[in-house]
Amino acid sequence: MIIYKSREEIETMDRANRIVAQVLASLAARVEPGITTMDLDREAGRLCREAGAKPAFKGYRGYPCVLCTSVNEEVVHGIPSPKKVLQEGDIIGLDFGVVLDGYYGDAAVTVPVGRVSDEAGTLMRVTREALHRGIAEARAGRRLSDVGAAIQRHVEAQGFSVVREFVGHGIGTALHEDPQVPNYGAPGNGPLLKEGMALAIEPMVNIGRPDVRIHSDGWTASTIDGSLSAHFERSIAITENGPLILGGDVAGL
Ligand code: MF3
Ligand code: CO
């Protein structure tokens, strides 16, 4: 069941997502060779507390950390570790969520560690562009699958592939609400988009094959062919003026 949000609820979600975006921007600025993914998790927890919010992921279905850190061929849900030291040339996906006054915020960004290959740079740029192509379709009167179709079109036009096993989602007083938001599909299908819907749109894009496997930790998803993967996510609300990016414009997201 899709839960429609009032203006006041969207306002609260905007504040929750502003904290998420600001934490991600701070974390992105700390990414450099030599730092561990656990250092980033600690920092995320500290910044979240300072902002007066509760981390959304820790304890969610038993997830052990506040942040997901997915390096190189890792697609999503990488678990931070003090043993995982970032190296020049890596790319890292940072996925973070909070609860504020009962409402969730959820966003992700992929950033370079020092200098990266041109191919890695293109992958990150195309994934971010695809997210924003998807967001542009999130308007009253369109159909849900118009979002995924726009994402898939942009990604495949660059020769990359869209991950199918994970999808975006409705968001509100739960981290995951209806509807599921695939990053692929033919346009013109699914629920009619309406004012008051709030969606987390989150394309995951691989350089090679779209297939993923889950590690023995039960969380980390990696590309099956070892190719690089990038992930960008924003939560948006559908308003009378079109899509509103919750938490506002933050550099890099
Ligand atoms: N952004 C991811 C999602 O929407 C983060 C979930 S990680 C989890 O599913 F640990 F909370 F599951
Ligand atoms: Co999400």
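Brief remarks follow.
- Unmet criterion (only one of (1) touching a residue at least 60 places away in the same chain (Cβ under 8 Å); (2) more than 11 Å from ligand 1 (Cβ to nearest atom)) for His77: (2)
- Checked against the criterion of being open to solvent by less than 20 Å² (accessible area, probe 1.4 Å), under 16 Å from the mean Cα position of the chain (by Cα) and in contact (Cβ under 8 Å) with a residue 24 or more places away in the chain, the candidates Val113, Val98 yield just one match: Val98.
- Only one of the numbered conditions (1) outside any loop (DSSP other than H, G, I, E, B); (2) open to solvent by less than 10 Å² (accessible area, probe 1.4 Å); (3) within 14 Å of ligand 2 (Cβ to nearest atom); (4) polar (S, T, N, Q) is not met by Asn183, and that is (1).
- Within segment 94-126, considering residues that are part of a strand (DSSP E or B) and among the β-branched types (Val, Ile, Thr), the one farthest from ligand 1 (Cβ to nearest atom): Val111
- Of all residues in segment 213-253 being among the hydrophobic types (A, V, I, L, M, F, W, C) and away from ligand 2 (no atom under 16 Å from the Cβ), the one that is least open to solvent (accessible area, probe 1.4 Å): Ile238
- Residues satisfying the stated conditions in segment 159-180, i.e. buried (at least 16 other Cβ atoms within 10 Å of the Cβ) and away from ligand 2 (no atom under 14 Å from the Cβ): Phe160, Ser161, Val162
- Just one of (1) farther than 30 Å from Asn189 by Cα; (2) open to solvent by 10 Å² or more (accessible area, probe 1.4 Å); (3) assigned to a loop (DSSP other than H, G, I, E, B) fails for Ala140. It is (1).
- The lone criterion from (1) over 14 Å from the mean Cα position of the chain (by Cα); (2) within 16 Å of ligand 2 (Cβ to nearest atom); (3) farther than 24 Å from Tyr4 by Cα left unmet by Val205 is number (1).
- Taking segment 1-36 as the range and being of a type in the set (Asp, Glu) and in contact (Cβ under 8 Å) with a residue 12 or more places away in the chain as the test, the residues that pass are Glu9, Asp14, Glu32.
- Scanning segment 45-57 for residues that are more than 14 Å from Gly105 (Cα to Cα) and in contact (Cβ under 8 Å) with a residue 12 or more places away in the chain yields Gly45, Leu47.
The values are calculated or read from the model by the stated rules, or taken from the named source; none is laboratory data. Keep in mind that what you see is a predicted model, and the values were worked out from it rather than measured. Counting neighbours? That spans all protein chains shown, and the Cβs are built from the backbone with ideal geometry, glycine included. Remember, those area values only see protein heavy atoms, side chains included, never the ligands or the DNA or RNA. Shrake-Rupley method; radii C 1.70, N 1.55, O 1.52, S 1.80 Å.
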